[in-house]
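Take a look at the structure set out below.
The values are calculated or read from the model by the stated rules, or taken from the named source; none is laboratory data. The structure presented is a predicted model; accordingly, all values stated were derived computationally and were not measured. Methodologically, a virtual Cβ is constructed for each residue, glycine included, from the backbone with ideal geometry; neighbour enumeration extends over all protein chains shown. To get the accessible areas, we keep the full protein, side chains included, count just its heavy atoms, and leave off ligands, DNA and RNA. Shrake-Rupley method; radii C 1.70, N 1.55, O 1.52, S 1.80 Å.
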Protein chains: 2
Amino acid sequence: MNLHSVKGTRDFYPEEMRMRNWLFDVWRNTALQFGFEEYDACVLEHAELYTRKAGDEITEQLYSFEDKSGRHLSLRPEMTPSLARMVLQHQKALSFPLKWFSVPQCFRYERMTRGRRREHFQWNADIIGESSEIAEAEILSLLLTVCRNLGLTSKDICLFLNDRRILNEILDSIGVPEQLHPNVMVIMDKRDKVSSDAFTELLQQEEMALSQITRLNEFLAIPTMEELASKLGETKGLISLRKIMALMTQSGLGDFLKFDVSIVRGLSYYTGMIFEINDADKAQRAICGGGRYDSLLSTYGGGSIPAVGFGFGDVVILDVLSDLKKLPSFARRLDYLVVPFSADEIGMALTISNQLRQKGKSVECDYSLKKVKKALQRADELNVEKVVMLFPDELAAGKVVVREMQTRQQKNVSIEELTS
Amino acid sequence: MNLHSVKGTRDFYPEEMRMRNWLFDVWRNTALQFGFEEYDACVLEHAELYTRKAGDEITEQLYSFEDKSGRHLSLRPEMTPSLARMVLQHQKALSFPLKWFSVPQCFRYERMTRGRRREHFQWNADIIGESSEIAEAEILSLLLTVCRNLGLTSKDICLFLNDRRILNEILDSIGVPEQLHPNVMVIMDKRDKVSSDAFTELLQQEEMALSQITRLNEFLAIPTMEELASKLGETKGLISLRKIMALMTQSGLGDFLKFDVSIVRGLSYYTGMIFEINDADKAQRAICGGGRYDSLLSTYGGGSIPAVGFGFGDVVILDVLSDLKKLPSFARRLDYLVVPFSADEIGMALTISNQLRQKGKSVECDYSLKKVKKALQRADELNVEKVVMLFPDELAAGKVVVREMQTRQQKNVSIEELTS
């Protein structure tokens, strides 16, 4: 019998689960503070939701199958198509702009490397129905506040910002026909992962001339918006990015941001601002990424609804926090351990335990009827604050012995006082 | 384009999600108070985890498929096999007894009726490694405390209790060979769902004589443990149930319990106490059910490890609470709405919003630059407690106007006071 989880998937034992819940709680609570509302869809979707648009890597990595009625189903590889579906389905009843978030598990069948498994949980937050740069500023403020709440500073991470329109403007300026832009961008997104020669070769396969490739590489090496503006002029993409930068500075989060013309993002549906968060050297996979996608909903048959959002996985961020030694302790802890020392006291132990729980305390009962020393060892293992010991003589007087584990102080306390 | 979720699965729009989170929070917080630890496994498992043991209805309802490497995988139909797998895999590192809980989504491809979809979330809690009836008492106390925390009383629901050993003892006493017990119990579990004639016919197919079936029906109509004891004697199953009843009375939860010899439970792995919670008339599907399963872990290749646990789905309980009008309101609510009235104040609106969020407040910003009346309408829609209005004159003096929505009182407050 194979006792392992399926290759690429994870089990969460209690300590790992406490870590996961800690991360999810930061995601959820910060999103709620920013006025976002939580939603969810089923991990199982119609496969056509992902296969309609060819070209994305994501459609080649689907976990797909037919159900017993012949429906073509997939485990979701990302949340945005489900979000688009849900918004379009109830479009008339919803009042825009929507600010929605979710923490879905997503599946991709792919080669495994550090920070990349076949499933992960991915916090998604999106603003739907707001076309101004305020939406970008809200989304990025939420993200960076979460990073701060996780203990990360602008010394640890950087938010690299770009705009798909700028990339289109660059490709226009070097004469790449518009219909080739999507394929060229897929290649540009892989630039960090392949050799310079391979990059050239891939672009040549898309009918780009060597002179165009040289000019593209020159553009992608431009370090500042000012220098890019001097080559391209004040284009739509650059003007929009400047507005976002100004709003983020007003929000007190400007020091996290850096313009980076080489940011592309893998998904084909982005139409405006795009970004990634990474460490300042971009030494590893991006912690999270996203952007504006004003055309996606119309590809599913809806009207044109502007949208901006991101995905933030649980794997890379926990690796980053672990490397930086910024993870808190995830040891178990409990308020009380209640210990009877003979079978006669078990009934009273149950009663006291339940009364303490009704007061909101977390209570474990040790029914093993061991000696005091063993019970205190168990209390240490469980990381409890107080031990309630039930001895016949004290019980006869309506009392129990309460020991504070940290100070090792013990005193007799009346049961009434303890549980009221 | 099909915008619906897959048949039998659900979307959770924000209000539905708040309801789901409310239920999950009661499950989680109560389990933590009882000293249970949360775990999780992936929804995707090796199919053999479910297909090893034939006969269970569950194996015919699997969502199964092959991945790109030919692995036979299934979406989990229940959590207990994953729990068994995880416990056995780390058996040596774990200190027993374990008290673990989880809130997995489970999938079964089956006909849909009220309270039954093709997926649901199912709270599971189990105690592994404790053979005494104290484990049953802890599990049932946890469950009934959750029911009380959800607003249910012993007038609304009843915990129907039985023991698989009692069923075996009954079948022994009427001469049904042991090897037929599992199949006969599957039929007995369907007794409420089929006609009396169909029930007889199904049992005849398992080689039971009409006289045996008559005696079985007589046994299943016995209302009390006392009467059953007068027929069967004081058997192991009955003695064990009496101990559980006594412990539950000591826990102050005895009034929820009722012996019911007709409770069988569908899963074949139960070995001792079994139970269901339902309304007093058993008018609908069980709210939850479970029992002791001391042999399951050995069927997966482990040693014999005693275990007791339950599954508690999210669908039936919400129907029950809704029917009883015991659901609280799940309307959205926020602490603050911050409203600038011209583009010049947007920067300050961002700053104030983020400062309030850092204080732990939930804050929405209305950037639509509408008139005051519209802003207050929006505040009503959002169910916010206070509106912070940014007017140029007050801002020049370092102040904003704060309106309490409930009392309609407004006053000028310094920004420093508001945000510190």
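No other residue among B:Glu136, B:Glu119 is surrounded by 20 or more Cβ atoms within 10 Å (Cβ to Cβ), at pLDDT 95 or above, in contact with a helix residue (DSSP H, G or I) (Cβ under 6 Å, 6 or more places away or on another chain) and acidic (Asp, Glu) apart from B:Glu136. How many residues does the range A:295-331 contain that are touching a Ser or Thr at 6+ places or on another chain (Cβ under 9 Å), at pLDDT 95 or above and not hydrophobic (A, V, I, L, M, F, W, C)? Result for the range A:295-331: 3. So if I check each of B:Gln212, B:Gln204, which one is farther than 23 Å from B:Gly289 by Cβ, open to solvent by 80 Å² or more (accessible area, probe 1.4 Å) and assigned to a helix (DSSP H, G or I)? The unique qualifying residue is B:Gln204.
Return a yes/no flag: does the range B:65-73 have any residue that is among the basic types (Lys, Arg), at the interface with chain A (Cβ under 9 Å from one of its Cβ atoms) and free of Cβ contacts under 8 Å to residues at least 12 places away in the same chain. Checked the range B:65-73: at least one residue is among the basic types (Lys, Arg), at the interface with chain A (Cβ under 9 Å from one of its Cβ atoms) and free of Cβ contacts under 8 Å to residues at least 12 places away in the same chain. In this structure, B:Ser141 qualifies as within 14 Å of chain A (Cβ to nearest Cβ), crowded, with 17+ Cβ neighbours inside 10 Å, touching a residue at least 40 places away in the same chain (Cβ under 8 Å) and not hydrophobic (A, V, I, L, M, F, W, C). Please enumerate the residues belonging to the range B:144-160 that are hydroxyl-bearing (Ser, Thr, Tyr) and either touching a residue at least 60 places away in the same chain (Cβ under 8 Å) or not in a loop (DSSP other than H, G, I, E, B) (or both). B:Thr145, B:Ser154 - these are the residues of the range B:144-160 that are hydroxyl-bearing (Ser, Thr, Tyr) and either touching a residue at least 60 places away in the same chain (Cβ under 8 Å) or not in a loop (DSSP other than H, G, I, E, B) (or both).
Consider the range A:333-352 and keep the residues that are open to solvent by less than 10 Å² (accessible area, probe 1.4 Å) and within 8 Å of chain B (Cβ to nearest Cβ). The one that is nearest to the chain's Cα centre (by Cα) is A:Leu334.
Going through (1) surrounded by fewer than 18 Cβ atoms within 10 Å (Cβ to Cβ); (2) in contact (Cβ under 8 Å) with a residue 40 or more places away in the chain one by one, A:Asp172 falls short only on (2).
Before we move on, is A:Ala229 surrounded by fewer than 22 Cβ atoms within 10 Å (Cβ to Cβ), within 14 Å of another protein chain (Cβ to nearest Cβ) and assigned to a helix (DSSP H, G or I)? Answer is no for this residue. Considering only residues in the range B:5-24 that are within 7 Å of chain A (Cβ to nearest Cβ) and not in a helix (DSSP H, G or I), the one that is surrounded by the fewest Cβ atoms within 10 Å (Cβ to Cβ) turns out to be B:Asp11. Among the residues making up the range A:253-268, those that are within 14 Å of chain B (Cβ to nearest Cβ) and surrounded by 16 or more Cβ atoms within 10 Å (Cβ to Cβ) are A:Leu253, A:Phe256.
Among the residues making up the range A:161-185, those that are of a type outside the set (A, V, I, L, M, F, W, C) and not in a helix (DSSP H, G or I) are A:Asn162, A:Asp163, A:Gly175, A:Pro177.
Return the total of residues in the range B:103-119 being more than 7 Å from chain A (Cβ to nearest Cβ), touching a Lys or Arg at 6+ places or on another chain (Cβ under 6 Å) and not in a strand (DSSP E or B). So the count comes out to 1.
The residues of the range A:390-400 that are crowded, with 20+ Cβ neighbours inside 10 Å and away from every other protein chain (no Cβ under 14 Å) amount to a single one, A:Val400. The set of residues in the range A:25-47 that are polar (S, T, N, Q) and more than 7 Å from chain B (Cβ to nearest Cβ) comprises A:Asn29, A:Thr30. Selection of the range B:353-365 for residues being at the interface with chain A (Cβ under 8 Å from one of its Cβ atoms) and assigned to a loop (DSSP other than H, G, I, E, B) yields B:Gly360, B:Lys361, B:Ser362. Applying a threshold of 6 Å to beta carbon distances and a minimum spacing of six or more residues, or different chains, the list of pairs starting in the range B:13-38 at a residue that is farther than 16 Å from B:Pro104 by Cα and ending at one that is among the small types (Gly, Ala, Ser) reads B:Leu32/A:Ser362; B:Gln33/A:Ser362.
Of A:Arg403, A:Arg378, all but one fail to be open to solvent by 30 Å² or more (accessible area, probe 1.4 Å) and modelled with pLDDT under 95; the exception is A:Arg378. Of the strands (runs of 3 or more DSSP E) contained entirely in the range A:249-348, those carrying at least 2 residues that are of a type in the set (Phe, Trp, Tyr) fall at A:307-313.
With respect to the conditions (1) among the acidic types (Asp, Glu); (2) free of Cβ contacts under 8 Å to residues at least 12 places away in the same chain; (3) under 24 Å from B:Pro97 (Cβ atoms), A:Glu364 lacks only one, and its number is (2). In summary, strands (runs of 3 or more DSSP E) completely within the range A:54-102 and bearing 3 or more residues that are open to solvent by less than 50 Å² (accessible area, probe 1.4 Å), closer than 21 Å to B:Glu16 by Cα and not small (Gly, Ala, Ser) occur at A:98-102.
Residue count for the range A:149-166, restricted to those that are of a type in the set (Phe, Trp, Tyr) and either more than 29 Å from A:Val184 (Cβ to Cβ) or open to solvent by 30 Å² or more (accessible area, probe 1.4 Å) (or both): 0.
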